[in-house]
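Contents: one structure, followed by commentary.
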Amino acid sequence: MSTAPYGVRLLVGAAVTAIEETRKLPQTILMYPMTVASQIASLVMKMQQDVAVLVIKGDETLESIFPPKDEQPEWATFDEDGTDGSANSEDGDAVVLPIRDGERLTEGRFALFSGEPDAAKAAAETPAATAEPSAPSDAPEIVAEIDYGSLTLAQLRARLTSLRLPDLEELLAYEEATKARAPYQTLLANRITRASAK
């Protein structure tokens, strides 16, 4: 077997390689954007890691030069810190509502907990046989049926989908005539509007 001169072998090898690369070109063109994107993402992640390492080293150095004080910020309170009784409560599960002008807030984000806590506690302490009905005798049937007086706003919201339009209107009229709690009135009025539109 005779060997061709070096130059001829070089030219034949270059030509075959060019033909092979030309055949791969469609696939290479399709993969090129993904390859570039993955290389850029890899570079960005590497830079983020390097920056994070530098920040950690800087924190460690600053802490060694200026040791942190063991002071607790005045806004940070913990259960163990309650010396005036504001952070601690006798019942660990109790939700303490904010008090403004001597009255508990029962509107806005606190409306979910705006049930009458004293009435609920008294009802729990009295036996069921001697308990009075939660609705007055002149209240609509739906009030007694769903025990409206003891429902929180969240419980009422969950029950609204099962009530008919006349029941909703009776509940709104009852709420306006008795406690007139704005979140309850708004919830009922909105549900009536949606039910009427159907």
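Structure summary
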item: Principal axes of the stretch 1-68: Cα extent on each, largest first, Å; result: 81, 30, 15
item: Estimated FRET transfer efficiency (Thr3, Met31; beta-carbon r; R0 35 Å; 0.05); result: 0.40
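Every number here is computed from the coordinates shown, using simple stated rules; none is lab data. Computed from a predicted structure; not experimentally measured. In this analysis, Cβ positions are derived from the backbone assuming ideal geometry, glycine residues included, and neighbour counts consider all displayed protein chains.
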